[in-house]
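Here is the structure we will look at, set down as structure tokens.
The values are calculated or read from the model by the stated rules, or taken from the named source; none is laboratory data. Bear in mind the structure is a predicted one, so any value in this text is a computation, not a measurement. Every residue, glycine as well, gets a Cβ built from its backbone with ideal geometry; the counts of neighbours run over all protein chains shown.
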Amino acid sequence: MTVAAEMTEDLIDAAAKICRGLGIASTPTNCLPIIEGLKADRQRDQWQPISEADRSIATVQTFPDVSITLRNSYPVWVRDEDGRVYEAVWSEGTANYWWDLEGESPVDPVEFMPHPLDPRFAAPKGGDHHG
């Protein structure tokens, strides 16, 4: 059995338990919204491709004495190919790059961990429940 199939069976089993706990029939119609919510929760709690990270500029610092302006995103937890996890910001200027806040150097992360309140990765609200 593939990992995807195992995960799907996990979600179906979890949804069926939730349905039973709520005292409703564990039918596809009743369980589908629960399965979708569980999938969204699981996705939100997993590493995502760095291309999906929010690179919006959140802070701008100007240093007129040295003619430098720093334009950075909010900090994001990232992971590189070697599995090292660190906090970085997207920096825009004459060159655009990810900047390791602790290591104080440009980096090339491959994944990031979404913020739990990031609406792009949030579980769906409400949903249609038929029964």
- Item | Any hit, the range 37-54, residues being modelled with pLDDT of 75 or more, among the aliphatic types (A, V, I, L, M) and within 30 Å of V107 (Cβ to Cβ) | yes
- Query: Is one or more of the residues making up the range 76-95 more than 21 Å from P114 (Cα to Cα) and surrounded by 14 or more Cβ atoms within 10 Å (Cβ to Cβ)?
  - Reply: no
- Query: Restricted to the range 61-88, and to residues that are in contact with a Leu (Cβ under 7 Å, 6 or more places away or on another chain) and without any contact (Cβ under 8 Å) to a residue 24 or more places away in the chain, which residue is farthest from V107 (Cα to Cα)?
  - Reply: Q61
